[in-house]
Amino acid sequence: MLLMPQRDWQWIYNDAYGVLSVSLGSDMEFLTPYKIKALIPDALSIVEFSVEHARFYIDFIERLGKSVNVADVIKVQLSLNATAAHFMLKPQMPKSWFFDSSAICVYSELGKVFQLRCQGVDADVMVVESNLQASLVMLLSSQLMLNDNKSLKQFECIKVMNDRLHPKKIKRQTAAA
């Protein structure tokens, strides 16, 4: 079942877990992975889940239906995290140096899945913000080591130049006649 935004939804910084959360009414709270150092100052106070946030969330769910085949609960999780990243994370500079360039030019758009290649490892990412030169992507894989000291965890975001985005490999089945 897909959750649709309600008037009482709001962004709250959850001190107990040290992350941004979405209060989904009186009895439910969704925790994002986004910690205080990555958030804009407004995210540290109670912020209404606005009409603009709701539009983005619903649009993202609709785009997911066209780009990935996952259960509704996963669509909600991805969409809430993407909405939080889009509106509540501090702007980032691209950190493309961690990733291999792609030989194929891709068209980056909201909700599209790509792969990033880092130290010979491919990781799935989803676009949560895009422009002509760079995209903010959310890690779908469980973890990605960027170097010996730095890693990304699932649903964390990083901005990269679009020339680092590799098309997602599609597994095709061939039947021999």
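The values are calculated or read from the model by the stated rules, or taken from the named source; none is laboratory data. On a predicted model such as this, the values are computed, not experimentally measured, just so you know. Neighbour counts run over all protein chains shown; Cβ positions are idealised from the backbone, glycine included. Each accessible area value is taken on the protein alone, full model and side chains, heavy atoms only, with ligands, DNA and RNA left out. Shrake-Rupley method; radii C 1.70, N 1.55, O 1.52, S 1.80 Å.
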Where the accessible area of the chain is counted over protein heavy atoms with a 1.4 Å probe, how much of it, in %, is carbon and sulfur?
-> 53 percent
Cα gyration tensor category, rounded, prolate or oblate, for the range 36-130 with a/c compared to 1.5 = oblate
Cα centre as origin, Lys/Arg/Asp/Glu Cβ charges: the range 1-124 dipole, Debye = 360 debye
Normalised contact order of the chain, rounded percent, pairs of Cα under 8 Å and 6 or more residues apart = 17 percent
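For residue 128, what is the net charge nearby, where nearby means another residue's Cβ is under 12 Å from its Cβ and Lys, Arg count +1, Asp, Glu -1?
Value of the local net charge: -1.
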The answer for residue 29, listing residues at least 5 apart or on another chain whose modeled amide H is closer than 5 Å to its amide H, is 24
Summing +1 per Lys or Arg and -1 per Asp or Glu among the other residues with Cβ less than 15 Å from residue 118's Cβ gives 0
Distance in nm between pseudo-label sites at residue 67 and residue 105 (7 Å out along the Cβ direction from Cα) | 2.1 nm
Between residue 153 and residue 31, what length comes free when the chain is fully extended (0.36 nm per residue of separation minus the Cα-Cα distance, one decimal in nm)?
-> 42.5 nm
Heavy-atom accessible area per residue, the range 32-177, 1.4 Å probe: how many Å²?
-> 58 Å²
Spin-label pair residue 16/residue 132, simplified geometry with 7 Å Cα→Cβ offset, distance in nm = 4.8 nm
For all pairs of alpha-carbon atoms in the range 18-177, what percent lies in each bin of width 5 Å, listed from the first bin to the last filled one?
-> 1, 8, 18, 21, 20, 15, 9, 4, 2, 1, 1, 0, 0
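What does the net charge come to around residue 8 if you take all other residues with beta carbon closer than 15 Å to its beta carbon, with K and R at +1 and D and E at -1?
Within the 15 Å Cβ shell, the charges total -2.
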Calculated from backbone phi, Karplus (6.51, -1.76, 1.60) coupling profile of the range 66-81 in Hz, x at Gly/Pro = 9, 9, 9, 10, 10, 5, 4, 4, 6, 4, 5, 4, 4, 5, 5, 5
For the range 20-34, 3J(HN,Hα) per residue [Karplus equation, 6.51 cos²θ - 1.76 cosθ + 1.60, θ = phi - 60°, Hz, x = Gly/Pro] = 6, 9, 10, 7, 9, x, 6, 10, 9, 9, 9, 8, 8, x, 8
Structure-based [θ]222 nm, the chain - -39500 (n - 2.57) summed over DSSP H runs of at least 4, per residue, nearest 500 | -6500 deg cm²/dmol
Phi-derived 3J(HN,Hα) across the range 145-153 with the Karplus relation (6.51, -1.76, 1.60, θ = phi - 60°), rounded Hz, x for Gly and Pro, is 7, 8, 7, 5, 10, 10, 9, 10, 9
In nm, the gap between the two label points placed 7 Å beyond Cα toward Cβ at residue 48 and residue 169 is 4.8 nm
Given pairs 37/168; 75/168; 37/169; 75/159 and cut-off 27 Å on Cα-Cα distance, the over-length ones are 37/168; 37/169
Quote the accessible area belonging to residue 72 in square angstrom, nearest 10, computed with a 1.4 Å probe and with ligands, DNA and RNA left uncounted.
-> 60 Å²
